[in-house]
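What follows is one structure encoded as structure tokens, with my remarks underneath.
Nothing in this text is a laboratory measurement; each read-out follows from the coordinates by a stated rule. Note that the structure is a prediction, hence the values are computed from the model and not measured. Cβ atoms come from the backbone with ideal geometry, glycine included; neighbour counts cover every protein chain shown.
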Amino acid sequence: MKKIIIVYSVVCLLILYALEQILMTPYIIKTIIKIPMFTLFPFLIQHYILKSGFSIKIKKSEQKNILLWSVLVFGIISAVSFTLKSFLDIEAISSDFSNRMMLRNKDMISAGVYTIFINSLIEEYFFRGFIFQGLLKQGWHKPAYIISAAAFAVYHVSVFEAWFSIYFMMFMLLGLFAGGLIFAYFVKKTESILAPWFIHVSADLALIIFGLWILDLLG
């Protein structure tokens, strides 16, 4: 059963990398392909093969803690982003959005809103609901943290491979891996994927605001 989760996850990551960096698939087409890969098929595997599911409720005792973490993460990511602005190739990022992703300036706001609220939930379902909780229920406790966090970090390489130098890419991967561990911790603590989703939303909100600002789209 563990092999099913791992093999399916690896296949998804390879397909998404090919769509992003080899086939240069436009953002909207990649998104249409990714949604069922990250939601429908994992749901079918969970319920009809693994015979398992997960909770979406957050205990009242945890709600204040999640809110505080969300605010903290927003502040940290905002501060780090603006501090490291000089290391970014803004021209390359802008070119990647317009040429590879085929997102024009008028599309950026709607894509940002989708990323913050919908894409973050889809990722939580896949990385924490399917991979992390799926491996936990198969008895893989420590490996569940490592595998889900590593998959979460590697997945983002397909998105921003062309944006950063190799050294900055390693820094980003370490940050994403740490983020994946934190998200998994809150899933285990609260027994809900909504807990990390709220924190994920705050992280993406900080990044989208920063991204729109450096691309001069907030004016």
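Miscellaneous remarks
- Kyte-Doolittle mean at least 0.0 and Cα axial length at least 20 Å: DSSP H helices in the chain: 2-17, 60-83, 141-155, 166-190, 194-214
- Kirkwood hydrodynamic radius of region 127-181, from inverse mean 1/r over distinct Cα pairs, in Å: 11.6 Å
- Its convex hull of Cα atoms gives region 113-218 a direction-averaged projected area, equal to a quarter of the hull surface, of 6.7 nm².
- Globularity ratio of region 172-219, using Cα Rg and 2.2 N^0.38 Å: 1.40
- Legend: distances between Cα atoms for Lys3/Lys57; Lys64/Lys85; Lys60/Lys137; Lys64/Lys188; Lys59/Lys188; Lys3/Lys137; pairs beyond 20 Å are Lys3/Lys57; Lys64/Lys85; Lys60/Lys137.
- Spherically averaged projected area of the convex hull of Cα atoms, the chain: 11.8 nm².
- Contour excess over end-to-end distance, with Cα ends at Leu44 and Leu215 and 0.36 nm allotted per residue: 57.6 nm
- Taking all Cα-Cα distances within region 15-110, those exceeding 15 Å account for 77%.
- For Thr83 and Lys60, a Förster radius of 25 Å and the Cβ-Cβ distance give a FRET efficiency of 0.10, rounded to the nearest 0.05.
- Relative to the 2.2 N^0.38 Å rule of thumb, region 1-68 has a C-alpha radius of gyration ratio of 1.48.
- Charge tally around Val159: other residues with Cβ under 10 Å, Lys/Arg +1 each, Asp/Glu -1 each, net -2.
- Residue of Asn105, Asn65, Asn119 that the Gaussian network model of the chain assigns the largest fluctuation, springs spanning Cα pairs under 10 Å: Asn65
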